[in-house]
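Notes follow once the structure below has been shown.
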């Protein structure tokens, strides 16, 4: 294998990318005598390289868009091999990016790991939470938080929000949401949920803050069985913008993995005394549900709340859905199956969903035709009924895996994006996944044709993974981990949110 190190001059980021691609092309060409090796030719790219991590791999990217600004967070191990949390901001619709900034407080990476960030933004205010083991002798994680009120130019000192100064237990998978309505208040209200093991088995916890300070004096536990008695994990958190908060999670209190929910109607100060099981229609604990997702229709007269997941009650994995049209006061007694092939006859995984103005969209990938394809169903009546499934990837059905669909929306503009193993026409080796998307400007009733490819390195030659999507006005913003340079780097691209090809 040919290897080389290069010290780039202080050119623009785009110039650096072009130089790197040319350099790697030349190196691979020089090594092309190896048996079976594909020759790579130079090319130019509209994709943007965002991290300055050197040879370290990036993971867990997250994206948030506010106006014409795009914000990204992730973790990478450039600091002595220990992961730290980093941030970068794109101005002018993602056209202008600066140097990345480290948010976690271990500048040399010698003392702690900081990983798995989550981000929320409102105007010029940005809020980030992550897992961090700086307080523990045993590698247990606390939840840390930092924020910026000037669009990411400067950041406040990070702070621990879990009440575990010695790191005696693990606190994991933080989720963050912000509410901000300048017509009613200048304040930003921040909500955070996670799971931790302070009582034994994991429970779901919550706190809230105003403008990045004044957190609750004590975290609130949201699962209402005996504390620490059973595994409750992977919460998803959503707000209706009117003081209503909703959390769903996976819960093993009855043996199998069920889906539970809790709600607050006063901004998170008080929660329902009893949580609610959502995966009805099968005995409690009789199946395993995973990949639970949550969304709220904030435009409904009364907030409508939707949850989707996959479970194995029928043998193979199917997509199930539940909904409430009264701000989670009541849910359907039995979950609704959305994939329409034979029950349990194939595997349908990892739904994504979005809702606005009574229109609900649920997408997933399934292997009913051997290879995984992307399917979507649409409801026009708040989830009470759904139209027939629509296949979003338009290559030959079942011919290549299409996986990990994401849905993002801004008003009636909706983008569906996924990773796809379809083979480039000039490639003879096994394909690597690329990123593709389709868009709708009418809330999901019709979709752009054909789908467009996001990453623009030679097709099928390098892994593109961990896709994140945000929509803001005319822009669809894509963030992902990409191995075109021989390591996992963070790449970004803005494209048209109506699905129009870029000339």
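What follows is calculated from the coordinates using simple rules that are stated; it is not laboratory data. Predicted, not measured: the structure shown is a model, and the values here were computed from it. Neighbour counts are summed over all protein chains in view; Cβ atoms, including those assigned to glycine, are modelled from backbone coordinates with ideal geometry.
Could I have the simple spin-label model distance between residue 284 and residue 215, label points 7 Å from Cα toward Cβ, reported in nm to one decimal?
3.2 nm
Provide the gained length on full extension for the span residue 159 to residue 396, in nm with one decimal, where the gain is 0.36 nm per separating residue minus the Cα-Cα distance.
80.2 nm
Can you check how the C-alpha radius of gyration of the chain compares to 2.2 N^0.38 Å, as a plain ratio? Mind showing how you got there, number by number?
Working: Rg = 22.7 Å, N = 503, 2.2 N^0.38 = 23.4 Å.
Rg over 2.2 N^0.38 Å, computed on Cα atoms: 0.97.
Starting from the Cα gyration tensor of region 278-432, multiply each eigenvalue by 5, take the square root, and state the resulting semi-axes largest first in whole Å.
28, 20, 11
Taking other Cβ within 10 Å of each residue's Cβ, how do 248, 481, 305 sort, fewest first?
Ordered by Cβ neighbours within 10 Å, fewest first: 481, 305, 248.
Can you show me the helix-derived [θ] at 222 nm for the chain, built from DSSP H runs with n ≥ 4 at -39,500 (n - 2.57) apiece and divided by the number of residues, rounded to the nearest 500.
The per-residue figure over the chain is -1000 deg cm²/dmol.
Starting with the fewest neighbours, write out 370, 222 ranked by other beta-carbon atoms found within 10 Å of each beta-carbon. Kindly include the intermediate steps, with their values, before the conclusion.
Details: 370 12, 222 26.
With the fewest neighbours first, 370, 222 line up as 370, 222.
What is the order of 423, 278, fewest Cβ neighbours within 10 Å to most?
Numbers: 423 16, 278 26.
Ranking 423, 278 by Cβ neighbours within 10 Å, fewest first, gives 423, 278.
Report the label-to-label distance for residue 340 and residue 314 in nanometres (one decimal), using points 7 Å from each Cα along the Cα→Cβ vector.
The two pseudo-label positions are separated by 1.3 nm.
Hey, rough spin-label estimate for residue 270 and residue 384, points 7 angstrom out along Cα→Cβ, what's it come to in nanometres?
In this crude spin-label approximation the distance works out to 3.1 nm.
Roughly speaking, what is the centre-to-centre gap between region 53-97 and region 327-393 when only Cα atoms are used, to the nearest Å?
After rounding, the separation between the Cα centres reads 32 Å.
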